[in-house]
Amino acid sequence: MRFDVITLFPEMLDVLSAHGITRRAHEEGRWTIRAWNPRDFTTDNHRTVDDRPFGGGPGMVMMAEPLALAVQAARSAQEAAGVGCAKVLAMAPTGAPLTDARVRAWAAYKASGLVLVCGRYEGIDQRFLDQCVDEEVSIGDFVLSGGEIAAMAVIDAVVRHLPGSLKDASAQDESFAQGLLDGPYFTRPENWRGAQVPSPLLSGHHAQIARWRREQALRRTLAYRPELIEAARTRGQLSRQDEVVLKLAGEELRQVAQTSSEQSGDA
Ligand code: SAM
């Protein structure tokens with residue numbers, strides 16, 4: 001898969017091909033990346049890419065034209081390389097949240113290219129977003145200084161889903177793959193500072209281990225992301241045994257909440 005990233009700080013992207021799973025997949029030729037600096041698409045001596053916002057207010061806004069020309073160059077380069085551009089994505093805290101479903105959908109364009117646009121300053125001229133971008137992507141309810149870290153999060157998550165990037169079946173067991181959060185992990189030693197590894201994991205009994213892991217995933221998802229449980233229920237992904245676990249876990253959570261509210265009321 002090919003990624004073309006529009007950024008004022010191209011060197012920030014180097015870390016992706018320098019470390020870990022993304023590095024290996026890059027070395028194996030599963031993905032390539034090219035950065036495009038909007039400053040290279042300006043016509044004035046100062047290579048201006050930003051200007052003051054109409055209507056006043058603090059900060060600067062990225063101008064539409066250098067970004068549009070950079071996207072056009074990236075798309076042309078993808079076409080010349082025979083991959084074709086599947087989507088242009090802009091990083092924006094105001095965009096739709098980045099989810100596993102969106103990542104998988106983009107990874108399915110594995111024979112094509114994605115163009116990712118990184119904003120800076122107060123953001124990007126809305127007319128560029130309206131005319132040149134297919135989807136806006138937020139990586140969370142917080143504001144970063146620029147879109148590069150968000151673009152790297154998108155690329156990392158997509159690369160993990162490219163065929164062959166992960167050497168085992170681990171993607172199938174990861175959070176969100178089955179609609180739930182992943183459960184806890186433990187490794188040696190069996191006893192660490194008095195804390196024991198849960199006994200089912202030491203049993204060597206595959207069915208018992210699988211049941212324990214499922215229960216932990218259900219409990220964790222109910223505690224932290226109850227809306228995922230609701231969604232899994234709607235999709236018919238919960239068994240009768242799952243529902244028994246969830247009922248018990250729900251009662252325990254209510255009990256804990258009640259105890260802590262009584263204690264804070266006492267205080
Ligand atoms: N004025 C904007 C707002 O309040 O929504 C924030 C602009 S931010 C300082 C500059 C750039 O960082 C954005 O254009 C975007 O590309 C990127 N960015 C910041 N937070 C982000 C997030 N949570 N997800 C994706 N991109 C983000």
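Calculated from DSSP H runs of 4 or more alone, at -39500 (n - 2.57) each and per residue, what is the 222 nm mean residue ellipticity of the chain, nearest 500? It comes out at -13000 deg cm²/dmol, rounded to the nearest 500.
Just tell me the longest site-free run in the chain, where the sites are trypsin sites (Lys or Arg not before Pro) in a DSSP loop having at most 14 other beta-carbon atoms within 10 Å.
Values: sites that count: Arg47, Lys167, Arg193, Arg235.
Excluding the exposed sites themselves, the longest stretch runs over 48-166.
Candidate cross-link partners of Lys167 among the aspartates and glutamates, defined by an alpha-carbon separation under 13 Å and a same-chain spacing of 8 or more, comprise Glu28.
The local environment of Val143, defined by Cβ-Cβ distances under 15 Å, has a net charge of -3 under the rule Lys, Arg +1 and Asp, Glu -1.
Scalar couplings 3J(HN,Hα) for segment 33-40, obtained by applying the Karplus form with A = 6.51, B = -1.76, C = 1.60 to θ = phi - 60°, are 9, 9, 9, 10, 9, x, 4, 6 Hz; x denotes Gly and Pro.
Shown in residue order for segment 196-201 are the 3J(HN,Hα) couplings computed by the Karplus curve 6.51 cos²θ - 1.76 cosθ + 1.60 at θ = phi - 60°: 8, 5, x, 4, x, 6 Hz (x for Gly and Pro). Residue by residue, segment 173-182 carries 3J(HN,Hα) couplings of 9, 6, 3, 6, 4, 9, x, 10, 6, 6 Hz when phi is fed to the Karplus relation 6.51 cos²θ - 1.76 cosθ + 1.60 (θ = phi - 60°); x denotes Gly or Pro.
Readers should treat all values here as calculations from the given coordinates under stated rules, not as data from a laboratory. This structure is a prediction, so every number in the text was calculated from the model and none was measured. Virtual Cβ from ideal backbone geometry, glycine too; neighbours counted across all protein chains shown.
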